[in-house]
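Take a look at the structure below.
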Amino acid sequence: MIERLVFDGPVILGAGLAGLSAALAAVEGAAKTALVLSPTPLATGCSSAWAQGGMAAALAGDDTPALHAADTIAAGAGLCDPQAVALLTEEGPQAVRDLAALGAPFDRQADGGFVLSLEAAHAKARVARVGGDGAGAAIMAAVVAAVRAAPTIQVRENARARRLLQDATGRVVGVLAQIDGALVEIRSTAVILATGGIGGLYAVTTTPAQVRGEGLGLAALAGATIADPEFVQFHPTAIDIGRDPAPLATEALRGEGAILRNADARAFMADYHPAKELAPRDVVARAIHAEREAGRCAFLDATQAVGGHFPKEFPAVFEACIAGGIDPRRAMIPVVPAVHYHMGGVAADLDGRASLPGLYAAGECASTGVQGANRLASNSLLEAAVFGARAGHAAATEGLHGGEPVSLEPLPDLPDAALQTLRKAMSRDAGVIRDAAGLTRLLDQIRALEPTAPTVVAARLIVEAALARQESRGGHYRADFPATAQPVRTFVTLTSADAAVRYAAE
């Protein structure tokens, strides 16, 4: 018999920055409890803890939220929601200060101000860092400590969601979870999805392997609207040393002056964009892809820009390189584009509400319209903190438990062998550069897999939307449709076993 638990507050799936921010907000000043389900121990297995660059916010005297918003919208290539971007950038500085108050040890100047770095496509230096490249881990350590200390937040580790529970009206009334191997029916007033992105669906990714779109798939299978799934961001400079996931060479290295060179030691970015190394990520990723496809390889040369300061200024990158047999103080770092972030996700409003009653989404698994077609560097941790808290506050106001669940059957998993085959196919045909032939071949391969496995559903939505979008924009580049058309967003719902793609003008 399945164990049953009942909570008078939200259940949060995922324990990255968005999920834990939601939990802290949900119990703030309220008599409610919150339950966090994490598939791994806290601060592990989530992309937030791996973030290197930091948090972007208008913290300097010569910067403003409006300037930050303009850069975000420019990077988003016509698909950002201006209202969502304005909210993010206006609330951003306070979000950074709040995290600092929790104990996040941001780098500080002698006068107490934040040390701010310049990253690609930012007009100002506005990225608050920790120890050069340790922002994610340090921020998560502070937030985890706050969650552990909160008496009304419960955390269950080694816990995976196997189905969103819905009553006869379609309202989300809880989750069927697998905790320490046993199925548990968890009833709650709301469910907040904070499960992260889709990087684990690709063979080359900088994200934890277990982050593979399960939250997106669970929501779609429940009938929720999914927005912009085709927009996948490829970080240009994953360190190419054969590791899975691939270690990341942070954007901040190029902000410090590191240069991209090919095997002939020639700096090649001027051939692709006037901003060279500080061009938008999608441009840099395609440039590196082109150099590699031409057999010229690609390297990040930080020997002059950073050199002997590597161990202190960029310890995570330095350690990864040394582990791979490269001393970045003296040698160039081999780099390859890798899946880094998903701009699409569960369609959500400014308070995280999804299209189904009782369901919320925050962080990378949500699509509020903030990121558009291409995320601006270091906006991800900011979005997680700002919109995670907003979702938590809103979900805490839900008072209904709804009716009895109509099904307690767990959704199927994709066997590991099939998953590894899928990952290789996704990198091959839904990668940095796409075309109809590859996407159609990939879609046929996906349709032969278990159709109700959440990971399969997530992959299928990405590919079907990529096939339907016959243009190139932001992180989505079609070799057979290189021009940019009118700016329209994608909204996807599942009807029976088939995805129906509809477009709505921005």
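Any read-out appearing in this document is the output of simple, stated calculations on the displayed coordinates, not a laboratory observation. Predicted, not measured: the structure shown is a model, and the values here were computed from it. Neighbour counts run over all protein chains shown; Cβ positions are idealised from the backbone, glycine included.
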Karplus 3J(HN,Hα) series, Hz, for the range 377-386 with 6.51 cos²θ - 1.76 cosθ + 1.60 (x for Gly, Pro): 3, 6, 8, 6, 4, 4, 4, 4, 5, 5
Ordering of 384-391, 154-161, 43-50, 177-184 by packing [mean C-beta count within 10 Å, highest first]: 384-391, 43-50, 154-161, 177-184
Charged-residue dipole, Cβ positions (Lys, Arg, Asp, Glu), the chain about Cα centre, Debye nearest 20: 460
In nm, spacing of pseudo-spin labels at Asp180 and Ala149 (7 Å Cα→C-beta vector): 2.8
Ile2-Val406 pseudo-label distance in nm [points 7 Å out on the Cα-to-Cβ vector]: 1.5
Cβ crowding within 10 Å averaged over residues, with 196-203, 283-290, 400-407 ranked highest first: 196-203, 283-290, 400-407
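Please tell me the relative contact order of the range 233-339 in percent, rounded to the nearest whole number, where contacts are Cα pairs under 8 Å and at least six residues apart. Write out the running numbers ahead of the final one.
On the way: 176 pairs, mean separation 41.2, N = 107.
Contact order relative to length: 39 percent.
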Stretch gain in nm, segment Ala436-Thr421, where the contour uses 0.36 nm per residue and the Cα spacing is subtracted: 3.4 nm
Two-site FRET efficiency, Ala294 against Asp480, from Cβ-Cβ distance with R₀ of 25 Å, rounded to 0.05: 0.80
Principal-axis tilt of helix 436-447 within the chain, Cα atoms, nearest 10 degrees: 30
For a label point 7 Å along the Cα-to-beta-carbon line of Gln210, residues of the range 189-204 with backbone N under 14 Å: 195-197, 200
C-alpha long axis of helix 135-149 to longest principal axis of the chain, angle in °: 30
Sequence-distant residues sharing a close amide H with Arg162 (under 5 Å, placed H): Leu176, Ala177, Gln178
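With each run of n ≥ 4 DSSP H residues scored as -39500 (n - 2.57), what mean residue ellipticity at 222 nm is computed for the chain after dividing by its residue count and rounding to the nearest 500 deg cm²/dmol?
On the way: 14 runs with 157 residues, N = 506.
Per the formula, -9500 deg cm²/dmol.
Got a sec? How would Asp480, Asp228 order by Cβ neighbour count within 10 Å, fewest to most? The partial results should precede the final answer.
Working: Asp480 13, Asp228 27.
Lowest count first: Asp480, Asp228.
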Pair Asp444, Glu319: separation of 7 Å Cα→Cβ label points (nm): 4.6
Gain upon complete extension [Ala468, Thr495; 0.36 nm per residue less C-alpha separation]: 8.1 nm
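If you take every residue apart from Asp240 with its C-beta less than 13 Å away from the C-beta of Asp240, what net charge results, scoring Lys and Arg +1 and Asp and Glu -1? Intermediate results must be reported in sequence, preceding the final value.
Values: positive: Arg243, Arg292; negative: Asp244, Glu291.
Net of charged neighbours comes to 0.
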